[in-house]
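See below for the structure under consideration.
The values are calculated or read from the model by the stated rules, or taken from the named source; none is laboratory data. Note that the structure is predicted; figures quoted are calculated from it, not measured. Cβ atoms come from the backbone with ideal geometry, glycine included; neighbour counts cover every protein chain shown.
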Amino acid sequence: MKKKDIRILLVDDEPDILEILSYNLSSEGYNVFTAKNGAEGVAKAKKKQPHLIILDVMMPEMDGIEACEIIRNTKGLENTIITFLTARGEDYSQVAGFDAGADDYITKPIKPKVLVSKIKGLLRRLKEEDSSAEDIVKVGNIVINREEYKIVNNGVELVLPRKEFELLSLLTSKPNKVFKREVILDRVWGNEVVVGGRTIDVHIRKLREKIGEDHFKTIKGVGYKFVL
């Protein structure tokens, strides 16, 4: 996919932030749209169908957390990459962001060039399709459709957010194998993106809720494994 075909939506109530980010991303060749609050962001996301959305948390009319939840549950936007860019760096804010369905959480201040580098890392994952991998894989009672990012668990179809899907795909690629936390971070989030250990924990918790607790085992101090 060419850069000019990649649509990025920026949602922030600070005009200066929108202007700086829009300029830097447009200069890289991306197709950039902006919105000044959560409600406008949701409307533009539905209309423009972006590949990546960058959300602030604290905004008028509708905050970023609520906007993220709505976008993530909108048909056609389930697999859109969503990252928060906010001054709210508290643990509970980050957990709320990931619970809402975000793929990443970046705290301000951050230099524009560094942010652009992180965004390139996120977007690079759109291109990293393993042509040798089977599109549909069955692991126990779970059927994984890699092409459509869909899961069928005991006959019930689930549409998972992108990072939950990628984490599940990784763990189920080798059942009973322990994946170290650093390996999970690198394979699912990429070494270009800086995320904390809590990120994995939140996504594992959500997978346990949707797939079943017995399938995901914590190896204390090491990582996680998927068991049948």
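Tell me the residue from LEU170, LEU115, LEU158 that is within 25 Å of CYS68 (Cβ to Cβ) and either small (Gly, Ala, Ser) or buried (at least 18 other Cβ atoms within 10 Å of the Cβ) (or both), please.
LEU115
Does segment 119-132 contain at least one residue that is surrounded by 19 or more Cβ atoms within 10 Å (Cβ to Cβ), at pLDDT 90 or above and not β-branched (Val, Ile, Thr)?
Looking for residues that are surrounded by 19 or more Cβ atoms within 10 Å (Cβ to Cβ), at pLDDT 90 or above and not β-branched (Val, Ile, Thr), one finds none in segment 119-132, hence no.
Given the criteria at pLDDT below 90, in a helix (DSSP H, G or I) and either surrounded by 16 or more Cβ atoms within 10 Å (Cβ to Cβ) or within 19 Å of the chain's Cα centre (by Cα) (or both), does LEU77 qualify?
It is false that LEU77 is at pLDDT below 90, in a helix (DSSP H, G or I) and either surrounded by 16 or more Cβ atoms within 10 Å (Cβ to Cβ) or within 19 Å of the chain's Cα centre (by Cα) (or both).
Could you list, in sequence order, all residues of segment 8-25 that are in contact with a Leu (Cβ under 8 Å, 6 or more places away or on another chain) and not β-branched (Val, Ile, Thr)?
Those that are in contact with a Leu (Cβ under 8 Å, 6 or more places away or on another chain) and not β-branched (Val, Ile, Thr): LEU9, LEU10, ASP12, LEU18, LEU21, SER22, ASN24, LEU25.
What are the pairs, 6+ residues apart or on separate chains, where a residue within segment 30-55 that is within 17 Å of LEU85 (Cα to Cα) has its Cβ under 6 Å from a residue that is part of a strand (DSSP E or B) and of a type in the set (Gly, Ala, Ser)?
Once the first residue is within 17 Å of LEU85 (Cα to Cα) and sits in segment 30-55, its partners that are part of a strand (DSSP E or B) and of a type in the set (Gly, Ala, Ser) give GLY41/ALA35.
Residue check: is ILE70 in contact (Cβ under 8 Å) with a residue 12 or more places away in the chain, in the same structural domain as LYS36 (by the TED database), in a loop (DSSP other than H, G, I, E, B) and within 23 Å of GLY41 (Cα to Cα)?
Criteria not met by ILE70.
Quick one: would you say PHE84 is more than 15 Å from the chain's Cα centre (by Cα) and outside any helix (DSSP H, G or I)?
When the stated conditions are applied, PHE84 does not pass them.
Given the criteria among the hydrophobic types (A, V, I, L, M, F, W, C) and either without any contact (Cβ under 8 Å) to a residue 24 or more places away in the chain or in a helix (DSSP H, G or I) (or both), does LEU10 qualify?
Spelling it out, it is not the case that LEU10 is among the hydrophobic types (A, V, I, L, M, F, W, C) and either without any contact (Cβ under 8 Å) to a residue 24 or more places away in the chain or in a helix (DSSP H, G or I) (or both).
Just give me the residues in segment 78-101 being among the aliphatic types (A, V, I, L, M) and within 20 Å of LEU207 (Cβ to Cβ), in sequence order.
Result: ILE81, ILE82, VAL95, ALA96, ALA100.
Could you check segment 22-52 and list, in sequence order, the residues that are in a helix (DSSP H, G or I) and crowded, with 22+ Cβ neighbours inside 10 Å?
LEU25, GLY38, GLY41, VAL42, ALA45
Does segment 86-95 include one or more residues that are in contact (Cβ under 8 Å) with a residue 40 or more places away in the chain and in contact with a His (Cβ under 8 Å, 6 or more places away or on another chain)?
no
Check whether at least one residue in segment 203-224 is on the phi > 0 side of the Ramachandran plot, at pLDDT below 85 and either surrounded by fewer than 21 Cβ atoms within 10 Å (Cβ to Cβ) or not small (Gly, Ala, Ser) (or both), and report yes or no.
Checked segment 203-224: no residue is on the phi > 0 side of the Ramachandran plot, at pLDDT below 85 and either surrounded by fewer than 21 Cβ atoms within 10 Å (Cβ to Cβ) or not small (Gly, Ala, Ser) (or both).
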